[in-house]
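Here's the structure, in structure tokens; my notes come after.
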Amino acid sequence: MRDEFGELDRSHWANPKKEQRDRFERINTTTTGVPIAPSPDIDDFVSSAPVLGTSTTPITTSISLEEARRLEGAGRPVPKDLFGFLNKIDPRVVALMGSLAVGMNPVLTRMSGENAATAVFFRFAIALIPLAVFAIMEWRMNGPMKARPVILHLLAGVFFGLDVGLWIPGVMLAGAGIATVAGNLQVIIVPLLAFVIFREKMTLPFIAAIPVMLGGVVLLSGVIEQGDLTGDAFLGVALAVAGGFAYAGYIMIIGRSRPTGHASTNVFLSSFTAMIVGTAVASFFGAPNFTPDFTPLMILIAMALLSQVIGWVTTSSALPRLDSSTGSMLLLTQPLVAVVGGVLILNEQISILQWVGIVAIILAVWFTSVASARRRRRLEAN
């Protein structure tokens, strides 16, 4: 068996459990790395996704500090980080900037007045321009990528496209705030998938969060107040929740590729396939308009740059430098911005029961995030 550097590694023959644990720690070097082997711990698996980040921005990060130290210790060159200058800024400020940028995505989408397919197409098509420039710069700094991560990120883009292609129609139907909160169920979806696929035991905080978040979704859908399953709110919430399942698939695939200093290239690749798949899915609700008027076009450009470029750059820079509980709290501003923006800017009407659902979901996310962070600290201390 050879290690990551191609050298024959026999250390695990003497102490297999220690080698397995060390490899597990090396694989989980960022807030977005889903472990490959051994079977992942449920908290590490869930922490791979930014809290309430679904349908908003990619989660690919550059190389982490731990990985950089490991490469330095092995005498290997450390890939350069294109956005390393952000490390000089307090990560809490950077994370907050990213959350504000991403939170405006659904608000700007509705402000554009264009249909879902048009919003999906321009979100990715506009973002691909600066991402291509970043990818070329990374290629010159760190060399070309290997085939495996290229394939993984192209495949991940299929699921991200499904997510956005379902979530944006949900925004159009249910409203910016309601769809954004409803689409962020990966906090319970990912543990459930880990339970089904990896037979991982679910901890008590996640088990307790499931009925709370599902109850919150029911309240958001308006089915209790309206008494039927055909209203716009119900359909919009259902689409947003379906997008959350697609995003969970994106998380599981994206985590199979270790950060190697090609974060922008990874996002470019996933955005390319996401544009194709997402536009096709959203087209079921109306064909895209490739020639919008000037004002809608400017709004769509702002939406694309904020959510797919600026939001990703700032979030991916901040999360690896924050503990999970702090990062989770700061990222909770994403749905809050969408909710407040929807009410104040779009004049969206949210009923009392829907407000209860919003609060229930956000509190459940906060509770599980804090519980996971405390559990990881106890395990690290032992």
Protection proxy (average C-beta count within 10 Å per residue), highest first, orders 174-183, 285-294 as 174-183, 285-294
Taking the range 164-247, the whole-percent share of alpha-carbon pairs separated by over 20 angstrom is 35
Measure of exposure for LEU96: accessible area at 1.4 Å probe, Å² rounded to 10, is 70
Scoring only Lys, Arg, Asp and Glu (+1, +1, -1, -1) among other residues with Cβ under 11 Å from the Cβ of PRO91 yields +1
PHE290 and ASP90 label points (each 7 Å along its Cα→Cβ direction) are spaced in nm at 4.7
Net charge near GLY278 (other residues with Cβ under 12 Å of its Cβ; Lys, Arg +1; Asp, Glu -1) is 0
At q = 0.15, 0.18, 0.20 1/Å the base-10 log of I(q)/I(0) from the Debye formula over the alpha-carbon atoms of the range 254-382 is -1.11, -1.33, -1.36
Using a 1.4 Å probe on heavy atoms of the protein chains only, the accessible area for LYS80 in Å², nearest 10, reads 120
Carbon plus sulfur, as percent of the 1.4 Å-probe accessible area of the range 296-344, comes to 82
So, relative contact order of the range 126-260 in percent, Cα under 8 Å, 6 or more apart, is 42
Here, ARG377 and VAL340, labelled 7 Å along Cα→Cβ, have an inter-label distance in nm of 2.7
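The values are calculated or read from the model by the stated rules, or taken from the named source; none is laboratory data. The model shown is predicted, which means the values in this text are computed figures rather than measured ones. Glycine gets a Cβ as well: all are built from the backbone with ideal geometry, and neighbour counts include every protein chain shown. Remember, those area values only see protein heavy atoms, side chains included, never the ligands or the DNA or RNA. Shrake-Rupley method; radii C 1.70, N 1.55, O 1.52, S 1.80 Å.
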